[in-house]
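The values are calculated or read from the model by the stated rules, or taken from the named source; none is laboratory data. Source: prediction; values computed, not measured. For neighbour counting, all protein chains shown are included, and Cβ atoms are generated from backbone atoms with ideal geometry for every residue, glycine included.
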Amino acid sequence: MSNSDVDVVVVGAGFAGMYLLHELRKMGFSTRLLEAGDDVGGTWYWNRYPGARCDIATTDYQYTWDPELYTQWTWSEKHAAQPEILRYAQFVAKKHDLYSGIEFNVRADDATWDEKAKKWNIGTSKGETIVCRHYVMATGCLSVPKDPDIVGTERFAGNVYVTGRWPHEGVDFTGKRVAVIGTGSSGIQSIPIIAEQAKEVVIFQRTPNFSMPAHNGPPPQYRVDRLKADREAYVQEARLSGTGVPLEMATVSALSVSQETAFEMLEESRQKGELLAIGNTFMDSGINRQANEVVAEFMRTKVRSVVKDPEVAELLSPYKHGYGTKRPCMDTGYFETFNQPHVRLVDLGVNPIETITETGINFGNESLEFDAIVYATGFDAMTGAIVGVDIKGKNGMTLKKKWEFGPLTYLGLTSVGFPNLFMITGPGSPSVLSNMMVSIEQHVEWIRDTLVAMREQGFDTIEPTPLAENGWRVHCTDCADITIFQDANSWYMGANVPGKPRVMLPYIGGVGRYRMACDEVVRRGYLGFELTGVGKTQCNDGLIRQVQPDVDMVLEMMGTLNLPAIESMTPTGAREFSEASSAARPPGPEVGEMLDATLAGAAGDLAYRLYRPATAGPHPVMVYFHGGGWVFGSHLSDDPLCRELCVQSNTLIISVNYRHAPEARFPAAAQDGFAALKWVHENASSLGGLPGKLAVGGWSAGGNVAAVVAQMARDNDGPALSGQLLLCPVTDGSRQHQSHLDNADGYILTRSLMEWFWNHYADTDDRNNPHASPLLAHDLSGLPPAMVVTCQFDPLRDEGDAYAQALSAAGVAVNHVQARGHIHTSITMVDMLPSGAPYRRQMAEGIRTFFAHG
Ligand code: N01
């Protein structure tokens, strides 16, 4: 008789449940593991369709937690077929005596949280109720086949097969007329084998998919060698990688090479026969549509080169989704299959299925008879199996209801209102966008360690806080927003199931970064969780990832470079360093014309660059001042940003140099700025500017110069300005604001660098002068409308915010934008950081607004 009150109930005996059972036993937890099938293996137990294989190489798709397995088990192929993977699962289960802890042919039907007892009651298909402290769903991401959603499916009197529920005894299609509906991985893997046997095969395709040859064979030697040489290092690299497979990250943009070179590089990747190789050829195919199109076109050329009938080749070529935005497939002879005379492709876009009949399928104007129909129509992915159990949390709230508009989780592991419920590879975790083995092990270990920590510290419950859960949702969305994944109607987006909310289900920020977030949560005392025990509560509420994901990647990359602190350099050294850093950046968009010249400054000529839109002029004019802490930079140093603002706001931008400190200290920059403004005002018409449509703008120290110049113009009877655009401006030399402490270090512009800038620029007394610290001006009324953009993780954030508030209080029209998750430099990084693009668009819109009136 099994214990009906245990520490943990686990549902699912796939690779996740098996490992978890092993670990929980090892740690002395009493456990019940329920499995609906009659053996272990999960996805590899159910998906027995012909041709079913793993598309991750066996060197990587295997457990790492038992090092003996590396010698005790030898994989026969690079991409193991389903029977071999199932045998592996059985082998591990036997070796570790897991069978004795698993109850087969039992489903969890419902789960109800008992708030008083602080326990879950799990109702099973055997009519039993099991009480447990913790409840873990190890139910897999692709385990519930979706309803094919086709009229008449129940009418067909022939044989019906679903790829995800294939008969264990196999199917012989010899001499049969077979319809296959669906061309995802399951369809693409099974179709060539079904076609080998069947008399006739008709494939009903709604969406063509990208597929590459698996080039199956022995496990990849270079991976085998690396594993043998240093298994720990290899495994560690996988754990910290983007996808759970060691890969050298791409550093080349698909747009920086000719199509010929791009195709050569892609061919090299394709020859590797590894799922992730093609998508990893270029650094930008997942975030830039144009770059992705290079890859997509390469893949289409491959279809054309194999499929003899050009019309069929065209139908098999994806045009409506980017490469990788639906999971690409690996095949063995898939496209070749369509050259066979008994194989036919039906494009459902043109000839939709009208109904399935007793004997076949009616579509378009045709009616075909079949002996068998194979549904390769996919799964209710990621959430289907979880909400398939009637889970009631606190106050009777069901998880299904809570997730009505999309799953809400903290770390993809837990959900508010459902204490002590854990999901392995749940929505909001890398899961299906990773090597599942790596993600499964990470979750199992995180849950194990959490349960052990709770036991040691006397806690009975753990539940995420609403703040943390919402913060994770925002972070997941931020990650998805910088990619092009949301363009596709994929199962990643829940788009394959009618009525399912359309949200990016997996976490797309990468396996390594995700793992670091989970570890950091623990290190910071279970940040974002509330833990309770008898007479005690612990809650370190907060957010785990707030910096925009692409900004975070840049910071991480810069961290690895061990760059010297700028403030340790001489001004000359800092200038050289800054110029060298600018040399490698993308140039920004093409403008109509760029012209370099000089104008009269306060103490000699100043260089400037004019950016003219391609549209017919004359245009409104913005005089722009560059950043660089008054010490470095030039009229060219913010070139990509100036180009972008010019193009997007249809404004003539004149980026002006000014004298730099320490050679020319305060007030040289301000005086040059004002002289330049007057010169541009006087020469506006001849430059192609619209008279009377003049604004100033600048970033950082340039924002300071712009703000000061706007005050000088007001106080010196002009020129009249239509607006001032201040991006992360320096406004207050006192640097007493909280953001100087909050963001003192780690976000490129540091507190000590800011101190260095000020020391070079202005004496302590001068810093109180409003022409150095515009926030300290006694009167801010009468200034032109302002757009002030501040960044959350910038030491200058609060002084920018304060300036926006002070302007507003003085009656100035202010458009104040606070860029969430951004740092001092990130918005200027055109074409490098997609998360900055919306703010640059807003700035351009702000400039247009300056000029829209009067
Ligand atoms: O499912 P899918 P799958 N009428 O959703 C079509 C993993 N996996 O089982 O794209 C007509 O990808 C549907 O059309 P559309 C892998 O992660 C891995 O093949 O929605 N057609 C699509 O063509 C994979 O991505 C491996 O327009 C209908 C197909 O059916 C995931 O599982 C092997 C339809 C479903 O494709 C799912 O793959 C197998 C309808 N009513 C699976 N409804 C490996 O490791 C759906 N479709 C190699």
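Here are some notes:
- For beta carbons closer than 6 Å, sequence separation of 6+ or different chains, a first residue in the stretch 594-615 that is at pLDDT below 95 and a second that is crowded, with 17+ Cβ neighbours inside 10 Å, the qualifying pairs are Ala600/Trp679; Gly601/Asp672; Gly601/Ala675; Ala602/Gln671; Ala602/Asp672; Ala602/Ala675.
- Residue within the stretch 655-663 that is modelled with pLDDT of 95 or more, outside any loop (DSSP other than H, G, I, E, B) and on the phi < 0 side of the Ramachandran plot present: yes
- Note on the stretch 538-566: residues that are over 24 Å from Ser429 (Cβ atoms) and of a type in the set (A, V, I, L, M, F, W, C) amount to 5.
- Residue tally, condition among the acidic types (Asp, Glu) and either modelled with pLDDT under 95 or in a loop (DSSP other than H, G, I, E, B) (or both), over the stretch 341-366: 1
Condition check ((1) in contact with a Lys or Arg (Cβ under 6 Å, 6 or more places away or on another chain); (2) closer than 21 Å to Leu694 by Cβ) across all residues:
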{"site": "His740", "(1), (2)": "yes, no"}
{"site": "Tyr747", "(1), (2)": "no, no"}
{"site": "Thr750", "(1), (2)": "no, no"}
{"site": "Pro785", "(1), (2)": "no, yes"}
{"site": "Ser808", "(1), (2)": "no, no"}
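- Test: residue in the stretch 414-434 that is modelled with pLDDT of 95 or more, within 16 Å of the ligand (Cβ to nearest atom), closer than 24 Å to Ser241 by Cβ and touching a Lys or Arg at 6+ places or on another chain (Cβ under 8 Å): yes
- Entirely in the stretch 678-767, the helices (runs of 4 or more DSSP H) that have 3 or more residues that are of a type in the set (Phe, Trp, Tyr): 751-761
- Close contacts from the stretch 711-722, counting a first residue that is modelled with pLDDT under 95 and a second that is of a type outside the set (Gly, Ala, Ser), with Cβ to Cβ under 8 Å and a gap of 6+ residues or different chains, come to Gly718/His681.
- Annotation: of all residues in the stretch 284-316 being aliphatic (A, V, I, L, M) and touching a Ser or Thr at 6+ places or on another chain (Cβ under 6 Å), the one that is nearest to Val830 (Cα to Cα) is Ile287.
- Helices (runs of 4 or more DSSP H) within the stretch 1-104 that include 3 or more residues crowded, with 20+ Cβ neighbours inside 10 Å and among the aromatic types (Phe, Trp, Tyr): 43-46
- Cross-chain or 6+ apart pairs with Cβ under 7 Å, the stretch 142-154 first and more than 6 Å from the ligand (Cβ to nearest atom), then assigned to a loop (DSSP other than H, G, I, E, B) and among the β-branched types (Val, Ile, Thr): Lys146/Thr377; Lys146/Val497; Gly152/Thr357
- Residues of the stretch 118-144 satisfying the condition of being crowded, with 24+ Cβ neighbours inside 10 Å, closer than 30 Å to Val534 by Cβ and not hydrophobic (A, V, I, L, M, F, W, C): His134, Tyr135
- For the stretch 1-28, the set of residues classified as closer than 24 Å to Phe459 by Cβ, without any contact (Cβ under 8 Å) to a residue 60 or more places away in the chain and not polar (S, T, N, Q) consists of Lys26, Gly28, listed by residue number.
- Filter result (out of contact with any strand residue (DSSP E or B) (no Cβ under 9 Å at 6 or more places or on another chain), of a type outside the set (Phe, Trp, Tyr) and within 14 Å of Ala707 (Cα to Cα)) within the stretch 652-679: Pro667, Ala670
- Qualifying residues in the stretch 347-377 (those that are under 25 Å from Met212 (Cα atoms) and either among the aromatic types (Phe, Trp, Tyr) or buried (at least 22 other Cβ atoms within 10 Å of the Cβ) (or both)) - the one farthest from the ligand (Cβ to nearest atom): Val374
- Scope the stretch 577-593; condition touching a helix residue (DSSP H, G or I) at 6+ places or on another chain (Cβ under 9 Å) and modelled with pLDDT of 95 or more; matching residues: Glu590, Val591, Gly592
- Of the residues examined, Thr483 is not one that is more than 16 Å from the ligand (Cβ to nearest atom), touching a strand residue (DSSP E or B) at 6+ places or on another chain (Cβ under 6 Å) and polar (S, T, N, Q).
- Members of the stretch 156-207 found to be buried (at least 22 other Cβ atoms within 10 Å of the Cβ), near the ligand (Cβ under 9 Å from one of its atoms) and within 18 Å of Val306 (Cβ to Cβ), listed by number: Thr183, Gly187, Ile188, Gln189
- Close pairs (7 angstrom Cβ cut-off, 6 or more residues apart or separate chains): within 14 Å of Ser143 (Cβ to Cβ) in the stretch 36-59, within 8 Å of the ligand (Cβ to nearest atom) and in a loop (DSSP other than H, G, I, E, B) anywhere: Thr43/Leu142
- Scanning the stretch 575-593 for residues that are more than 16 Å from Gly688 (Cα to Cα), small (Gly, Ala, Ser) and free of Cβ contacts under 8 Å to residues at least 60 places away in the same chain yields Ser578, Ala580, Ser581, Ser582, Ala583, Ala584.
- Qualifying residue in the stretch 87-105 (condition: basic (Lys, Arg), within 16 Å of the ligand (Cβ to nearest atom) and either in contact (Cβ under 8 Å) with a residue 12 or more places away in the chain or more than 21 Å from Ser185 (Cβ to Cβ) (or both)): no
- Selection count, the stretch 454-478, where residues are buried (at least 19 other Cβ atoms within 10 Å of the Cβ) and of a type in the set (D, E, K, R): 3
- Where Tyr492 falls short, out of the listed (1) out of contact with any Lys or Arg (no Cβ under 9 Å at 6 or more places or on another chain); (2) at pLDDT 95 or above; (3) under 24 Å from Ser434 (Cβ atoms): (1)
- Lone unmet requirement of (1) under 30 Å from Trp758 (Cα atoms); (2) in contact with a strand residue (DSSP E or B) (Cβ under 7 Å, 6 or more places away or on another chain); (3) surrounded by 15 or more Cβ atoms within 10 Å (Cβ to Cβ); (4) among the aliphatic types (A, V, I, L, M) for Ile544: (1)
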